Amino acid sequence: MKIFNYLLTIFTALFLYSCVDNDPVIEELPNPDIAFNYSVIDAEYQIDYYVGANIEFVSTSVAAGECTWDFGDGTLATGETVTHKYKKAGTYTVKLTIADAGYQSKPILISDIKPIVSPNKTGLIEVISTSVGFNVELPNPEKLTEEYHWIFPEGTLDAAGKPIATFDGKDPGNVTFSNVGSQVVTLQVKLGGRQLEDGVIKVPVAYNLAVPTLYYAVKGGNIMALKLANNPPSGMKINPFDMGTKSGQHPLNILFNDTSLYVLDCGRQFTYVDDKDGNLGDGRIIVMSKDGAKVETMMTNTGAAFNDPYYGYIEGGQLYFSDRNTGLSTIGLKERNKTLNRTDYPYYVQNATLGYYGQGLSYGAMNACFGKINGVWYWCKTYNGNGIFRFTDADILKIAITGNGVLPTSGIALESMTPKSFVWDAKNSLVYFTLYDTGYEGLYRCTLAQLNEIGSNKEKLVPYRLKLANGKTVTPVTETGKGEGSTGEFIAICQLALDENDGCVYFGLRSGDAAVKSGLMRYNPASGFIEYVIEGVDVYGVAVNKTKSKLF
Amino acid sequence: MAISLQFIACEKHDMMDNDVIVGQMAPQVYWEPASSTVKAGENVPFNVQYYTTSTEDIDHLEVWYNIVEDETKAVSSPWMSTFTYSVTSNKSLEKRISQKISEYAHHPNSWNDSVRAFMFKSTFPTSNTLASVTWTKPATFDNEKMIKYFGNSYMTQFKDSLFKLMKPKDFQKMYLGLNLLDNFKAYIDSVKNENTGGWDYVFPKDSQGNRTTPKVLVDIYSTIPFSDIIFNKTTNVYDVDYSRSYRINANMKAFDKKGVAGLGIVKEISLN
């Protein structure tokens, strides 16, 4: 019995001791019966929430009681409706507490006054020839002293034609720009001695000749555009235009058609994931007008991550888009705001609806770029069946098979290799393609007959491998952990774009060779070499608008 | 027992009550902004169709939106040879609650027989203050911007955290690269790694026999400006990236004369 008592005492002590650590922390949660809203009640700048604006806070609570407001800047007020002015810009948390009921808190963003700059000229602003001035709007309700400091980009000339880098004063007069692209003009203002947020304007300066436009998607940045001006006048720089549209997570392919750019973004999760619930998809296709003024959503995927749109091809009013590793579907070019589902957007072709299935193509064969050459589909595969699988529409089976199908007569090109992208130069009857097979990485160019001749023999690739002027080839990052993705799914050179006018082929390189910098590059048939277009930029998809224009 | 549990559950999670106002016939709204990306400060064009099946006439329509900020920060030091040091952060936060932005009168003569709804086109405003900000790999370092975008203590914390991770080869690369020392030999030893068969680089032993960072190196480190720590000598830029952009979640509300509102679908619009 004594032993029992001792044990009981020990267990009780242990129990109580453990209870000390596990006491629940009582958290005061917001009360849903307490609610409020706020708005600027001044006659002007009601949506701007400037420093000094009169903001009215109104309790819309169900709960009754005395209202106490904490504005998050160290000041308090009481009453169901109160007004408050913030003295500094920033994000504050406003908390409304109702006696004996609880609280509710919400954020409020207070913006600093900033100068608003716009060009005083509408229409095309052409390099060298167009003279343009600037309108400035500065909210200054307290009539404080204003000090202006302008910063102009390289190549800006004042009204007298002299270089101008900076100007102090409200009106710098008219200027002209010597370089093409987004010319960033910055206006710094001190209001009452206090430095405000910079006013920035990106002036779109057009080329003085009509030339094609290259679009490219920057990693973590925006869609950019570049005028493809060969041999511009000495001293004139052809800089890119920032189109103001986000590239998205992984825009592996972008496609230009008519007056629009179609951006296929396969979303955050483009590599393998065990998407058990089939809801990790966040890819989408957006449509940007050629000047960036309008962006629409064509399709979004909220289902399985593997269904996100990865690669695309446009023909006959249809956009064909691939998923990660099963097949291709189509959507009309005029469709907008659609949600991907397999009822409305069934597979046009799948791995298992081709005779290659089980005879070269396996389940989940990884997709890469695809398109048509002379009426034959070329479908790049980089895992579980490597090569370019060729077929005609007539080869597509109505029902999925498990094997033993009739092999398409077009056959497999680059069998057992990792072709990631290709482009067809119809005018010169040449196909350009990229590989990331170890030791054979790079960009290649050959005729279709030569492509067939290569077969699965990598040694036969050698004569067609393209080089920089220094003799180097282009090697994309394929080291796991350094680039993006792993075996079969590396970003590599994920798209090629042809300028039909001069035969140049453009692409983005994430270089895996320390001796070759990453960047936007091109193969120039005139020089016979791969050349840098823009060094140091990480690029996904590329596309060319072959219609010539001075701007877009 | 089961029934009472069900009632308790319903009291806390009444999905019907969360999603609809039972017993009110609200106007139906379908609307479409013209673009999902607009320049901050510009008006957003839209078209709207609406109708009601209730006996109450429609009174007016309102556009409401909230503001969400997306902020990314990345800073790295290119001097490290034994590891990559990069500090990044991505945040998306609601910065202003949904509120009424603009109001549109209902015009009975806007009825369109072909769509069997009232319809019109108009715009709603956005604020210039919500323009996106980017500061990417600048060629000149701006201390004020660094503090403004990253906070007061960021530079000190970055330097301190990096110091704790640096190996002798990292100090060597940084100090020689920044011309802080002519010769690093006095501060580095190599010892045979029996496991790999290669050589490891270590600090020389001090008088206590410990291989700690020599005081000379510590003292020099404290004098290095933060900007030099993140300067990329290969590209001649500072390895700092900051971007801030805003998007709005906009919705159209159609109110009848009793104040009952029907809502459209929320549209996300990015500002640049």
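The values are calculated or read from the model by the stated rules, or taken from the named source; none is laboratory data. In this text, all values refer to a predicted model and were calculated from it rather than measured experimentally. Cβ placement follows ideal geometry from the backbone for every residue including glycine, while neighbour counts extend to all protein chains displayed. Areas reflect the complete protein model, heavy atoms only, side chains present, ligands, DNA and RNA absent. Shrake-Rupley method; radii C 1.70, N 1.55, O 1.52, S 1.80 Å.
A 1.4 Å probe, protein heavy atoms only, puts the accessible area of B:Met155 near 30 Å². The modelled label-to-label distance between A:Gln359 and A:Leu124, using points 7 Å beyond Cα along the C-beta direction, is 5.6 nm. Using a probe of 1.4 Å on the protein chains alone, the accessible area found for B:Lys173 is around 90 Å².
Report, to two decimal places, the Cα Rg of the range A:53-133 normalised by 2.2 N^0.38 Å (N = number of residues). Intermediate results must be reported in sequence, preceding the final value.
Numbers: Rg = 21.5 Å, N = 81, 2.2 N^0.38 = 11.7 Å.
Its radius of gyration relative to the 2.2 N^0.38 Å reference: 1.84.
For the listed residue pairs A:Lys420/A:Lys472; A:Lys219/A:Lys338; A:Lys420/B:Lys233; A:Lys334/B:Lys258; A:Lys227/A:Lys458, the alpha carbons are over 30 angstrom apart in A:Lys420/B:Lys233; A:Lys334/B:Lys258; A:Lys227/A:Lys458. Comparing the full protein assembly with the isolated chain, the residues of the range B:91-116 losing at least 40 square angstrom of accessible surface (1.4 Å probe) are B:Lys95, B:Arg96, B:Ile97, B:Gln99. Using the Cβ of B:Ala105 as centre and a radius below 15 Å, the other residues enclosed give a net charge of -1, where K and R count +1 and D and E count -1. Remark on chain B: hydrodynamic radius 24.4 angstrom, per the Kirkwood mean of 1/r across alpha carbon pairs. Pair-distance distribution P(r) for the range A:407-552, from all Cα-Cα distances in 10 Å bins starting at 0: 11, 42, 35, 11, 1 percent. Protein heavy-atom accessible surface, 1.4 Å probe, per residue over the protein assembly as shown: 49 Å².
At the nearest 100 Å², what buried accessible area, both sides summed, do you get for B and A when the probe is 1.4 Å?
On the way: alone 16640 and 26360 Å², together 40730 Å².
Interface area, both chains combined: 2300 Å², rounded to the nearest 100.
Straight-distance candidates among the aspartates and glutamates for linking to A:Lys276, with alpha-carbon spacing under 13 Å and chain neighbours fewer than 8 residues away dropped, are absent. The relative contact order of the range A:122-182, computed from alpha carbon pairs under 8 Å that lie at least 6 residues apart in sequence, is 42 percent.
Give the dimensionless ratio obtained when the Cα radius of gyration of the range A:354-489 is divided by 2.2 N^0.38 Å.
On the way: Rg = 15.3 Å, N = 136, 2.2 N^0.38 = 14.2 Å.
For the range A:354-489, the normalised Cα radius of gyration comes out at 1.07.
Note on the range B:131-272: dipole from Cβ charges, positive end direction compared against B:Thr140, B:Asn193, B:Leu178; the farthest Cα belongs to B:Thr140. Taking amide H atoms as placed 1.01 Å from N in the peptide plane, the amide H of B:Val240 lies under 5 Å from those of B:Lys137, each 5 or more residues away in sequence or on another chain.
Of the residues B:Lys233, A:Lys420, ranked by 1.4 Å probe accessible area with the largest first, the sequence reads B:Lys233, A:Lys420. Put simply, the amide H of A:Asn222, placed in the peptide plane, has neighbours under 5 Å in A:Ser247, leaving out anything fewer than 5 places away on its chain. Between the beta carbons of B:Phe141 and B:Thr55, assuming R0 = 51 Å, the FRET efficiency works out to 0.15 to the nearest 0.05.
Could you give me D for the range A:268-348, from Stokes-Einstein at 4 °C and 1.567 mPa s, where the hydrodynamic radius is the Kirkwood radius over C-alpha pairs? Units µm² s⁻¹, please. Could the numbers behind the result be given before it?
On the way: Rh = 13.1 Å.
Here the translational diffusion coefficient equals 99 µm²/s.
Taking all protein chains together and rolling a 1.4 Å probe, A:Ile286 ends up with roughly 10 Å² accessible.
Out of the total accessible area of the protein assembly as shown (probe 1.4 Å, heavy atoms of protein only), what percent is carbon and sulfur? Numbers along the way, then the final one.
On the way: 20780 of 40730 Å².
Carbon plus sulfur share of accessible area: 51 percent.
In the range A:107-128, burial by the other protein chains removes 10 Å² or more of 1.4 Å probe accessible surface, compared with the chain on its own, from A:Pro107, A:Leu109, A:Ser111, A:Lys114, A:Ile116.
Residues A:Tyr272, A:Tyr310, ordered by accessible area of protein heavy atoms at a 1.4 angstrom probe radius and largest first, appear as A:Tyr272, A:Tyr310. Hydrodynamic estimate: the Kirkwood radius of the protein assembly as shown over Cα pairs, inserted into Stokes-Einstein at 25 °C and 0.890 mPa s, corresponds to D of 79 µm²/s. Accessible-area rank, largest first, for A:Ser527, A:Ser260, A:Ser234: A:Ser234, A:Ser527, A:Ser260, with all protein chains present and a 1.4 angstrom probe.
Spin-label model, A:Asn384/B:Lys233: points 7 Å from Cα along the beta carbon direction are separated by 4.8 nm.
For the residue pairs A:Lys237/A:Lys548; B:Lys73/B:Lys164; A:Lys237/A:Lys294; A:Lys87/B:Lys95, the alpha carbons lie more than 25 Å apart in A:Lys237/A:Lys294.
Can you pull the semi-axes for the range A:160-286, root of five times each eigenvalue of the Cα gyration tensor, sorted largest first, whole Å? Kindly include the intermediate steps, with their values, before the conclusion.
Numbers: eigenvalues 283, 109, 20 Å².
The three semi-axes for the range A:160-286 are 38, 23, 10 Å.
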